[in-house]
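The values are calculated or read from the model by the stated rules, or taken from the named source; none is laboratory data. For clarity, every value in this text was computed on a predicted model and none was experimentally measured. Here Cβ is always computed from backbone atoms with ideal geometry, including for glycine, and neighbour counts include all displayed protein chains.
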Amino acid sequence: MRPLGTSYPVVLLAMLTALSLSLAGCERRGQVDPGVSTGELPDQEVADFSVTETDEGHPQWTMYARSASMFNARNLIVAHGVRVDFFGEDGARSSTLTAREGELHQLRRNMVARGNVVLQTAEGTRMSTEELRFLNREQKIVSDDFVRVERAGDVLTGYGFESDPRLEHFEFKRQVKATVRTRSGGVLEPGKGEH
């Protein structure tokens, strides 16, 4: 009969090896790829993506993205590093929207832009927010988030924003504040005189 002391290190070594292998397996299972976190893999991924919406051959808008993933079952394109050029009736670019990421719903061609969203018109009006939606059929931009619009030195802020892509006709629904520059270069704020 063998003494107990000689087989104990072998058994202990085998147990430690099995334990380390099982822990290594757990570590791999715990690391989740961000693209797989929803359980849905894209059907296609592309770099330098672009798509153009036309009306009777006239461009309405063109969306560019650094990269895009297509999810065919949901008719959805998820894009990163987004730029959208909007065009007027004359075919000239009227405004440009940029955002960190966006979604294009392919059936209605509606878009969602998120993260450092800026819409700059050719005339110099600038709108910024964290998220907005573009309703393609209505040719309307809407946002429930805080929105800031700058035009010729004037600044308007508020929530519940609606506008056309050229920022020609826009409105805020609530918590509206305005800072207006006077002809002399002073600033008028609600409830205050010129500065």
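Does at least one position in region 83-106 carry a residue that is among the β-branched types (Val, Ile, Thr), closer than 26 Å to Ala73 by Cα and buried (at least 18 other Cβ atoms within 10 Å of the Cβ)?
The answer is yes; a qualifying residue exists.
Among the residues of region 61-89, what is the count of those that are on the phi < 0 side of the Ramachandran plot and touching a His at 6+ places or on another chain (Cβ under 9 Å)?
Summing the residues that are on the phi < 0 side of the Ramachandran plot and touching a His at 6+ places or on another chain (Cβ under 9 Å) in region 61-89 gives 10.
How many residues are among the polar types (S, T, N, Q), out of contact with any Asp or Glu (no Cβ under 7 Å at 6 or more places or on another chain) and in a strand (DSSP E or B) if we restrict to region 68-96?
So the count comes out to 2.
Would you be able to tell me the number of residues in region 105-147 that are in a loop (DSSP other than H, G, I, E, B) and β-branched (Val, Ile, Thr)?
Number satisfying all stated conditions: 1.
Here is a yes/no grid of residues against (1) at pLDDT below 95; (2) loosely packed, with under 15 Cβ neighbours inside 10 Å:
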{"residue": "Val149", "(1), (2)": "no, no"}
{"residue": "Ala152", "(1), (2)": "yes, yes"}
{"residue": "Tyr159", "(1), (2)": "no, no"}
{"residue": "Arg166", "(1), (2)": "yes, no"}
{"residue": "Lys173", "(1), (2)": "yes, yes"}
{"residue": "Ala178", "(1), (2)": "yes, yes"}
{"residue": "Gly186", "(1), (2)": "yes, yes"}
{"residue": "Pro190", "(1), (2)": "yes, yes"}
{"residue": "His195", "(1), (2)": "yes, yes"}
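Name the residues in region 66-112 that are among the aliphatic types (A, V, I, L, M) and farther than 23 Å from Asp164 by Cβ, would you?
Ala68, Met70, Ala73, Leu76, Ile77, Val78
Consider Glu123 carefully, then state whether it is among the charged types (D, E, K, R), buried (at least 16 other Cβ atoms within 10 Å of the Cβ) and more than 21 Å from Glu53 (Cα to Cα).
Here the answer is no, as Glu123 does not meet what is asked.
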